[in-house]
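Read the figures in this text as sums done on the coordinates, not as results from a lab. Not measured: the values here are computed from a predicted model. Note that each Cβ is placed from the backbone with ideal geometry, even for glycine, and that neighbours are counted across all protein chains shown.
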Amino acid sequence: MICALTVRKLKPGSFDQFREAFMSNMEEDPPPGFVRFNMVRNSEDPDEVISFGFFDGTPEQLREVAANEGYSEQLERIAPFVESVGADGLYEIVEERTF
């Protein structure tokens, strides 16, 4: 299982437009292999947003899905609302617990 995670600092007050642009192609038909997606906002800084999705496969398979499912187009749609990007990568799930 792979977690694709990105931390973004948004331009002030642009969260609603960012969210709409980000989610526009995922609302009804998530990319194949993704089993869960979350978007969280910093409670003390609403312009800091972390998005992460869980992919059932390898990093190579995830890169292939991203190339075929419009990831570069998604980045273009959200670019006008993003001030900077922090952590951005594919992380292997090494431990998982459900409480």
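Summary of values
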item: Dipole axis of the chain (+1 Lys, Arg; -1 Asp, Glu on Cβ), positive-most option in G13, F37, M26; result: G13
item: Low-density loop cleavage sites - GluC sites (Glu not before Pro) in the chain, where at most 13 other Cβ are within 10 Å (DSSP); result: E27, E28, E44, E95, E96
item: Sum of side-chain charges, D88 neighbourhood, beta-carbon under 13 Å (Lys, Arg +1; Asp, Glu -1); result: +2
item: Residue-by-residue Karplus 3J(HN,Hα) for the stretch 37-43, coefficients 6.51, -1.76, 1.60, Hz, glycine and proline x; result: 9, 9, 10, 10, 10, 5, 5
item: About the Cα centre, charge dipole magnitude for the chain (Lys/Arg +1, Asp/Glu -1 at Cβ), debye; result: 180 debye
item: Ratio Rg/Rh, restricted to the stretch 1-57 and using Cα atoms, in which Rh is the Kirkwood radius; result: 1.00
item: Relative compactness, the chain, computed as alpha-carbon Rg over 2.2 N^0.38 Å; result: 1.08
